[in-house]
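The values are calculated or read from the model by the stated rules, or taken from the named source; none is laboratory data. Keep in mind the model is a prediction, meaning the values are calculated, not measured. Cβ placement follows ideal geometry from the backbone for every residue including glycine, while neighbour counts extend to all protein chains displayed. Areas reflect the complete protein model, heavy atoms only, side chains present, ligands, DNA and RNA absent. Shrake-Rupley method; radii C 1.70, N 1.55, O 1.52, S 1.80 Å.
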Amino acid sequence: MSTFLGMPVTAPSGVGNLRGDRTFPEAAHDALADGQLRRNLRHATTTIRGKSGRVIAELPDWQELRTAGSAIKASVMARLPELLERLEERVVAAGGVVHWAADANEANAIVTDLVRATGSERVIKVKSMATQEIGLNEALEAAGIQPVETDLAELIVQLGEDKPSHILVPAIHRNRSEIREIFLRAMPGVDPGLTDDPPVLAAAARKYLRETFLSTRVAVSGANFAIAETGTLAVVESEGNGRMCLTLPDTLITVMGLEKVVPTWQDLEVFLQLLPRASTGERMNPYTTMWTGVTPGDGPQSFHLVLLDNGRSAVLADRAGRAALHCIRCSACLNVCPVYERTGGHAYGSVYPGPIGAVLSPQLTGVEDNASLPYASSLCGACFDACPVKIDIPSMLVHLRDKAPHSRMERAVMRAAAYTMNHPRLYARAQRAAKLARIAGRRGRGLPPPLSGWTTARDLPEPPEQTFRDWWARR
Ligand code: SF4
């Protein structure tokens, strides 16, 4: 029997967190006015960059590892249906149940029904981008089920009724005094004498979470990797909260994007070297938890794997854009991006911020729903250099800019420019006209209306005093 992944449709609107209320330039304008946000971001991204750079420099074969990671991901995309079928077969053979979810609505309904069937009114959660993408917390709350985030930064975001702004450090936009205020306001049973000393804040979260771990029977997780050859799932994390969620409850429900599958354990070895060094700047992840189905008397006795499409088949169908599915969510591209460092993650409107968000979100939703994101970049190429699986984000941004809807005026101007550049005499006349504009005093003032929008945020290059043609003619 062959697996039917469905027609390549984009992620539905009205559910999940892939679309913002405003365009990137509108949201970035407000973010740029927030000095505290910029200070927090600069400090955090500079620290992570430094740490990561030091441990990457220890590996003489880092570039070979990047090449291997990229090749494995390309091969996975080329045979995704076959690998997913293999994964399903192995998970079922090991006592798990596999569910296929075409989109966010289906995935939310599957998870909600599974939790309801257990009778539990609360679930503990391991940090998961896939469940944020589909808006699972909102769906569970609507069904009267309380989701509790157990990653410290996710907990801060949840208690603050906020949105994550970084893939790896979701509360990167918060400093410790803001976190103290959030805990005092929203954490059940917190000590009113709480200070903003980081160990004190961590201890308060630990106390609250320990009680929750021990009294909740259902957990929801994402997955960093799934190994097709044995049906094994893997979650990597730094705090140990994931290990608690994945081992203590009776029921474990894992929501995983289709692209997370890898063929073999040998392939996993490559990513377990790449991911920690590129993300947290560690040589290996403090906690790597792996499980295969269910084991009688040990860990959750009921395991469900929800395989999520939600636009991924549409991304896969675009040969020039599909490499966005290679992403291992390390966030290195965010930490080196000059645009992200100034605007922060909220400006992107999607749960996936930064350079990878600028290419992944528009593809998952359809470019017209996130048309401003491919422009949220200076195309400096720092993201490409930093990416541990060599995703060529700049080329993809240009590809998506081409697919994004353009105004009639812009299309007419581009057609006229192309025509002019294809006709040497006309081009020479245009150059002379540009020189005249310089003499007429437009220098430094941008283009005149109706083209002025182009130069409100860009410098208009000054025409040289002498063109190449002039220079050539004189000789
Ligand atoms: S695109 Fe590359 S650098 Fe950015 S989060 Fe994904 S794997 Fe990391």
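If I model a spin label at GLN146 and TYR287 as a point 7 Å from the Cα along the Cα→Cβ vector, what separation in nanometres do I get?
2.1
Using Cα centres only, tell me the gap between the range 18-34 and the range 223-280 in whole Å.
Result: 33 Å between the Cα centres.
Which shape class, rounded, prolate or oblate, goes with the chain when its Cα gyration tensor gives a ≥ b ≥ c as root eigenvalues, a/c under 1.5 marks rounded, and past that a/b bigger than b/c marks prolate?
Prolate.
Report, in degrees rounded to the nearest 10, the 0 to 90 angle that the Cα long axis of helix 176-186 makes with the longest principal axis of the chain.
Approximately 50 degrees, to the nearest ten.
On a full-extension model of 0.36 nm per residue, what is the gain between CYS380 and HIS406, subtracting their alpha-carbon distance, rounded to one decimal in nm?
Once the chain is fully extended between CYS380 and HIS406, it gains 7.1 nm.
For the range 1-157, count the residues as N, evaluate 2.2 N^0.38 Å, and divide the Cα radius of gyration by that value, please.
1.37
Over the range 98-166, what number does the Rg to Rh ratio reach, with both radii from the alpha-carbon atoms and Rh per Kirkwood? Kindly include the intermediate steps, with their values, before the conclusion.
Values: Rg = 12.0 Å, Rh = 12.5 Å.
Rg divided by Rh gives 0.96.
Would you mind getting the accessible area per residue of the chain, heavy atoms of the protein chains only, 1.4 Å probe, in Å²?
47
Note down the net charge around THR295, summing +1 for each Lys or Arg and -1 for each Asp or Glu among other residues with Cβ under 15 Å from its Cβ.
On the way: positive: ARG90; negative: ASP250, ASP298.
After counting each charged neighbour, the total is -1.
What's the FRET efficiency of SER215 with ALA93 using the Cβ-Cβ distance as r and R₀ = 30 Å, to the nearest 0.05?
E(calc), rounded to 0.05, equals 0.40.
Can you compute the helix-only [θ] at 222 nm over the chain? Use -39500 (n - 2.57) per DSSP H run of at least 4 residues, normalise by all residues, nearest 500 deg cm²/dmol.
Values: 21 runs with 230 residues, N = 475.
Mean residue ellipticity, 222 nm, calculated: -14500 deg cm²/dmol.
Which net charge results when you count Lys and Arg as +1 and Asp and Glu as -1 among the other residues whose beta-carbon is under 11 Å from that of VAL15?
-3
Could you tell me how many degrees, from 0 to 90 and to the nearest 10, lie between the Cα long axis of helix 354-365 and the main elongation axis, the longest principal axis, of the Cα atoms of the chain?
Around 80 degrees separate the two axes.
Determine the distance separating the Cα centre of the range 143-177 from the Cα centre of the range 304-371; give it in Å without decimals.
Spelled out, the Cα-based centre of one part sits 20 Å from the other.
Could you work out the percent of alpha carbon pairs in the range 118-266 separated by over 25 Å, rounded to a whole number? Don't jump to the answer; show the numbers that get you there.
Values: 3305 of 11026 pairs.
Tail of P(r) above 25 Å: 30 percent of Cα pairs.
Let's test the formula: R0 of 60 Å, r as the Cβ-Cβ distance of ASP250 and ARG54. What FRET efficiency results, to the nearest 0.05?
Between ASP250 and ARG54 the formula returns 0.90.
I'd like the distance separating the alpha-carbon centroids of the range 41-91 and the range 398-439, in whole Å.
Their Cα centres are 40 Å away from one another.
As a quick test, which of the pairs LYS127/LYS260; LYS127/LYS207; LYS163/LYS403; LYS127/LYS163; LYS125/LYS207; LYS260/LYS403 have an alpha carbon distance above 24 angstrom in this structure?
Table pairs above 24 Å Cα-Cα are LYS163/LYS403; LYS260/LYS403.
Output the 0 to 90 degree angle, nearest 10, between the alpha-carbon long axis of helix 265-279 and the longest principal axis computed from the alpha carbons of the chain.
60
Which distance in nm do the two modelled labels at LEU460 and ASP191 give, with both placed 7 Å along the Cα-to-Cβ direction?
The answer from the label model is 6.3 nm.
Once you list every other residue whose beta carbon is under 14 Å from the beta carbon of GLU229, what net charge do they have if Lys and Arg are +1 and Asp and Glu are -1?
-3
For a quick size check, give me the Cα extents of the range 174-225 along its three principal axes, largest first, whole Å.
36, 26, 18
Once you have the Cα-Cα distance between ASP162 and ALA473, take 0.36 nm times their residue separation minus that, and quote the gain in nm to one decimal.
The ASP162-ALA473 span can extend by a further 105.6 nm.
Return the distance in nm (one decimal) between the two label points of a simple spin-label model at TYR427 and ARG319, each offset 7 Å from Cα along Cα→Cβ.
For TYR427 paired with ARG319, the spin-label model returns 2.9 nm.
I need the calculated FRET efficiency for the pair ASN175 and LYS207, taking r as the beta carbon distance and R₀ as 25 Å, to the nearest 0.05. Please report the intermediate quantities before stating the final value.
Numbers: r = 22 Å, r/R0 = 0.88.
Efficiency computed from Cβ-Cβ geometry: 0.70.
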